[in-house]
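Structure record follows, encoded as structure tokens.
The values are calculated or read from the model by the stated rules, or taken from the named source; none is laboratory data. No experiment lies behind these values; they were computed from the predicted model shown. Counting neighbours? That spans all protein chains shown, and the Cβs are built from the backbone with ideal geometry, glycine included. Just so you know, the surface numbers come from the protein's heavy atoms only, side chains and all, with ligands and any DNA or RNA stripped out. Shrake-Rupley method; radii C 1.70, N 1.55, O 1.52, S 1.80 Å.
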Amino acid sequence: MSFFYYILFVIGIVAVDQFTKYLTVLYIPAIGAQTLIPGLLQISYVQNTGAAFSSFEGQQWLFALIFVVFTGLVLYEYFKKPMGFTELERWCIAAIYGGGLGNMIDRVRLGYVVDMIETTFIEFPVFNVADCFITCGCVLLMAHLFLFNKAFWKENK
């Protein structure tokens, strides 16, 4: 599949992520948390300076470094040394990258990440659309690599 389509997918993820964050910042502080699905989800506004569960709080340089290294690895893999990823796995990598880029834009622009999706049925960190793409992309990528792409794990001799 053409690199162009992956780029469009990443741009779409970033656009949806940034739009939902924009709406959250615009409306939620004024009206407070809003129930989305009673007993399951609500929309609230959180400024997250760390990662999941507030780990690495205030370590913006570390997130930037990880993102730059990930960008380099993605470009190297795609253009210089293909690693045997299937098309589905490349879409998963694009989803992870798009989510990471959406959060990195917040970190550079605001100094924190805007989170808004809050579960009310369990104690879980507040998250955002970018986090959903990162998590779903990672889970699907790992599952597909382990279950269906056995060739990926074989050594070339």
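In whole angstrom, how long is each semi-axis of the equivalent ellipsoid of region 1-136, when you take the square root of 5 times every eigenvalue of its Cα gyration tensor and sort them from largest down? Each step should come with its number before you reach the end.
Details: eigenvalues 167, 55, 36 Å².
Value: 29, 17, 13 Å, ordered largest first.
Using alpha carbon centroids, what distance separates region 1-47 and region 88-157, in Å? Value for the Cα centre distance between the two parts: 15 Å.
For the set THR71, THR120, THR24, the ranking by accessible area, highest first and with no ligand, DNA or RNA atoms included, is THR120, THR71, THR24 under a 1.4 Å probe.
Per-residue ellipticity at 222 nm for the chain, helices alone: DSSP H runs ≥ 4 residues times -39500 (n - 2.57), over residue total, nearest 500 deg cm²/dmol?
-20500 deg cm²/dmol
Within a straight-line Cα-Cα reach of under 29 Å, LYS154 can be paired with the following lysines, leaving aside sequence neighbours fewer than 8 residues apart in one chain: LYS80, LYS81.
Within the same chain, aspartates and glutamates fewer than 8 places from LYS150 are excluded, and of the rest, those with a Cα less than 17 Å from its Cα are GLU87, GLU89.
Going through region 63-126, which chymotrypsin sites (Phe, Trp or Tyr not before Pro) have at most 15 other Cβ atoms within 10 Å and a DSSP loop state?
Sparse-neighbourhood loop chymotrypsin sites (Phe, Trp or Tyr not before Pro): PHE121.
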